[in-house]
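The values are calculated or read from the model by the stated rules, or taken from the named source; none is laboratory data. Since the structure is predicted, the reported quantities are computational estimates derived from the model, not experimental observations. All Cβ positions, glycine included, derive from the backbone under ideal geometry; neighbour counts span all protein chains shown.
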Amino acid sequence: MIPLKETTLFSETQLKVLSRLAVKDVRDIFYYLPRTYIDRTMRLDLRTAHSGDYVTVVGTIVHSEMRFAGKRRFTAKIDTNGFTVYATFFNAGSYLQKALVVGQEIACWGKLDVYGGRLSFMHPEWELLTQDKAKHTGRIVPIYRITEAMRKSFLTVRTLSEKIEECLNRYASRIADYLPKNYISRYNLLPMADAIRKVHFPQSIDETEDARRRLAFDELVLFSVLNEEKKAAIRKIDKGFSLRIDTTTKKEIDNLINALPFKLTRDQEKAFETLEKNSEALYPVNHLLMGDVGSGKTLVALLVALVYMRCDAQVAYLAPTEILARQHYQSFLNILPKGSFEGIELLLGKDGAKERRAKLERLSRGESYLAIGTHALLQDDVQFQNLRFIIIDEQHRFGVEQREKLRAKGKNPDLLSMTATPIPRTLTLAYYGDLEPIYIKEKPKTRIKIDTRILSEEMLGGIYNSVKKYVSQGRQVYIVYPIIDESENSDMASLLSEYSVLEKTVFPDLRLGLLHGRLTGDEKESAMQKFREGLIQVLVATTVVEVGIDVPNANVMIIRNPERFGLSQLHQLRGRVGRGEHQSFCILVEPDKITPEGKERLSAMAKTDDGFELAQIDFELRGPGETTGLKQSGASEFRVADLRRHAALFEKARELLVEMPQIQTQLAALKNIRQTLEKGLVLFGN
């Protein structure tokens, strides 16, 4: 690579500043990408402008001043065709006083506002015009991230743009492309050299999209290569054991499945068959089991756990809450024929010292084959003799470090991560490319579809009358709030402020219970146990009921301020009902004021009960981070690629790895392509 110093375009001070930003050679400067673009192809006459418009104006500075009262503020008064506009900068540096002086012709672009009764730009982008007025005006202009240190070294948006352009003029002919021409044509991509030039100096906004599409593709190829490397490396690990499922064990499992009071869905059968088959691999196998609410993931996991246990392997089942851990423990006992299997431990943080010590001794000696628990499983004193299989439930609630700490208690154990929050395919590939995804979309035929309705707050009286009716019929009800306490900065309904009204005024004859995150573990468990036993008829709660609560008799879910939740979370809450034989209802109480996006989310909830479809809608509305909260430590921070816009491009990047012959040969070929891509996706010839 050509060091920036050899270009002689930058001063020593500028080179030091850029070096701190990891920009050290020509390749790096090419990949110092614009953060946005300004379309200055048209100048706006202020006579047609309005407050809130994003505009470009050209005029002459007729007055400027720096004020030091309170915050330091610099203002330049600009005359443009007889109209006046002000450019105002708070906490302004002294360089503005030196640069923006009376008589200078200036171009400003940004959002017009009214400040102090005057039409103003607040912190606009700006450029002083010289004799070559068309250099940065009348074109699509790249806007780069400029730090204060860069400004002090006289690296402005304009000067940086000029230096990048000079680098391109000198070195563009030496840019090579790692992609064969037939792939560039097939995927409708720009050649690398064209993409680099057009991302910095486009002739139109459309050209910026084409350029970024090519750079995004290369970023996604690199990400896919890294995932393939990771998978290949895992396949080279000898986990030191391989399950050998004999006919006796297989027959026992089949008999157990046949003895269940219901028939497995086809998706459950396929998931179990895949996990059972892959358990015989000689290398560690890692799966991500995704199932919609009520699809029966837990049963599949427990059946697979039993296969390992019957092969003298130990299993750890990590759950996020004590309520869920207890529920799984009881579920496992329920599906096993009485007396057919010993050695199942429930490990919780509240266990007494003597009781815990006995459990740990049985696990360390290999006398117990299954440990179901919460974070208590991660404690250093928890040791296994032969841990071979780990199940992590609601895995997004655990960090990578916690997962690896549990894996370290065994020798390269197999891993099954589970989530009841369906993840769009693009996100699955991006964040969990090293895990094999398994989907359970089909729900048991016995599940009755939940009737979801959007009702206004004005209808709360009628909603509460319906609650009384269903409780009189023996049913139970959830009422969920987004916040615990009232806030003067919010008009949302809060749990504590409304609970006393519900208890004393609305439902004085009903038995109400309270459940939220500030209660102790014992208080939460007590409330849930009373609700399960029917001692509480109406449970007033926050989202702590989102996961792991199974009360078949509860058939009404009322959600206040539902617009404050993501679609996946709303779907999880809705999944707390519809578990019994009675028709269930989910009532979304819409406030008077709601954003268009909030309305769209609620409409989607009422339209479908398919969690995978809702996850995709949520992804498109809110983006990957907000949608799932599933991002793993170490997952790529894409600089150019946008998973919402480039989902199809991601598929093509993965397709490329399958089709290119050199990819298929060996791990070394993957490393060669990775090294090429990591060098900035640009190669220089001699």
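The residue that is modelled with the lowest pLDDT, among those in segment 507-522 that are surrounded by fewer than 14 Cβ atoms within 10 Å (Cβ to Cβ) and closer than 23 Å to K350 by Cα, is D522. Filtering segment 259-289 to residues that are assigned to a loop (DSSP other than H, G, I, E, B) and of a type in the set (A, V, I, L, M) leaves A259, L260, L264, A281, L282, V285. Collect the residues in segment 51-80 that are of a type outside the set (S, T, Y), within 14 Å of M122 (Cβ to Cβ) and not in a strand (DSSP E or B), keeping them in residue-number order. Matches in segment 51-80: G52, D53, K71.
Residues that are in a loop (DSSP other than H, G, I, E, B) and among the hydrophobic types (A, V, I, L, M, F, W, C) within segment 364-396 comprise V382, F384, listed in sequence order. Scanning segment 159-187 for residues that are out of contact with any Gly (no Cβ under 7 Å at 6 or more places or on another chain), of a type in the set (G, A, S) and closer than 30 Å to F10 by Cα yields S161, A172, S173.
Assessment of segment 220-236 against the conditions (part of a helix (DSSP H, G or I), of a type in the set (G, A, S) and free of Cβ contacts under 8 Å to residues at least 24 places away in the same chain) yields no matching residue.
Looking only at residues of segment 477-506 that are assigned to a loop (DSSP other than H, G, I, E, B) and touching a His at 6+ places or on another chain (Cβ under 9 Å), we find that the one that is surrounded by the most Cβ atoms within 10 Å (Cβ to Cβ) is Y481.
Taken over segment 21-44, the residue count meeting the criterion of being surrounded by 12 or more Cβ atoms within 10 Å (Cβ to Cβ) and either among the basic types (K, R) or at pLDDT below 85 (or both) is 9. Among the conditions (1) crowded, with 17+ Cβ neighbours inside 10 Å; (2) polar (S, T, N, Q); (3) modelled with pLDDT under 90; (4) closer than 15 Å to V315 by Cβ, the only one that S368 does not satisfy is (3). For segment 420-446, the tally of residues that are at pLDDT 80 or above, surrounded by fewer than 19 Cβ atoms within 10 Å (Cβ to Cβ) and among the basic types (K, R) stands at 1.
Residues that are within 23 Å of D28 (Cα to Cα) and under 33 Å from the mean Cα position of the chain (by Cα) were ranked within segment 173-183; the one that is modelled with the lowest pLDDT is Y178.
Candidates Y329, Y317: the one that is assigned by TED's automatic domain parsing to the domain that holds K405 and more than 30 Å from D610 (Cβ to Cβ) is Y329.
Is one or more of the residues making up segment 318-326 closer than 20 Å to L264 by Cα and either in a strand (DSSP E or B) or free of Cβ contacts under 8 Å to residues at least 60 places away in the same chain (or both)? No: segment 318-326 contains no residue that is closer than 20 Å to L264 by Cα and either in a strand (DSSP E or B) or free of Cβ contacts under 8 Å to residues at least 60 places away in the same chain (or both). Screening the candidates E533, E486, E525, E546 for the property of being over 30 Å from G349 (Cα atoms) and charged (D, E, K, R) yields one hit, E486. Please determine, by comparing only the residues of segment 332-354 that are surrounded by 13 or more Cβ atoms within 10 Å (Cβ to Cβ) and part of a helix (DSSP H, G or I), which one is modelled with the highest pLDDT. The qualifying residue modelled with the highest pLDDT is F332.
The helices (runs of 4 or more DSSP H) found wholly in segment 397-476 and carrying at least 2 residues that are over 24 Å from the mean Cα position of the chain (by Cα) and of a type in the set (F, W, Y) occupy 460-472.
Screening I237 against (1) surrounded by 16 or more Cβ atoms within 10 Å (Cβ to Cβ); (2) of a type outside the set (F, W, Y); (3) in contact with a Pro (Cβ under 9 Å, 6 or more places away or on another chain) leaves a single unmet condition, (1).
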